[in-house]
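First, the structure itself, so that you have it in front of you.
The values are calculated or read from the model by the stated rules, or taken from the named source; none is laboratory data. Keep in mind the model is a prediction, meaning the values are calculated, not measured. Here the Cβ is made from the backbone with ideal geometry for all residues, glycine too, and neighbour counts use every protein chain on show.
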Amino acid sequence: MTDTPDFIARKQFEIIRSKTVQERFTIFDGMMTFVRQMTIKRIKKRLGADISEAELKYELIKEYYGSELSEKQLSEIKMRLLRK
């Protein structure tokens, strides 16, 4: 689902395709960093700013890959992270 009109989306892709590989990498790296920072902020707001680094890593994994991992796999990941 998107609220971006098709003609705008086409223009965005046209602009992106006109960039060099290095420029595209830089743009998408910045986007990925922004998304990660927003995800961390959301997790800390939900669970508290004093969440440990291991718990934060687990929550990030769960956020990004939770739908692809079984409960058993998530449990094993959590145990390994919290054991360190």
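For segment 36-50, name all the residues that are of a type in the set (A, V, I, L, M) and modelled with pLDDT of 95 or more.
Answer for segment 36-50, where residues must be of a type in the set (A, V, I, L, M) and modelled with pLDDT of 95 or more: MET38, ILE40, ILE43, LEU47.
Just one of (1) free of Cβ contacts under 8 Å to residues at least 12 places away in the same chain; (2) in the same structural domain as ILE16 (by TED's automatic domain parsing) trips up SER70, so point out which.
(2) is the only condition that SER70 fails.
Same structure again: State all residues of segment 17-33 that are over 21 Å from the mean Cα position of the chain (by Cα) and of a type in the set (Val, Ile, Thr); if no residue qualifies, say none.
THR20, VAL21
Here's a follow-up. Would you mention how many residues in segment 27-46 are more than 23 Å from PHE13 (Cα to Cα), surrounded by 10 or more Cβ atoms within 10 Å (Cβ to Cβ) and either hydrophobic (A, V, I, L, M, F, W, C) or free of Cβ contacts under 8 Å to residues at least 12 places away in the same chain (or both)?
Selection size over segment 27-46: 6.
Sticking with this structure for a sec: Do any residues in segment 1-12 that are at pLDDT 95 or above have Cβ atoms under 8 Å from those of residues that are surrounded by 10 or more Cβ atoms within 10 Å (Cβ to Cβ) and of a type in the set (Gly, Ala, Ser), where the two are at least six apart or on different chains, and which pairs are they?
Taking only residues 6 or more apart or on different chains, not a single pair turns up.
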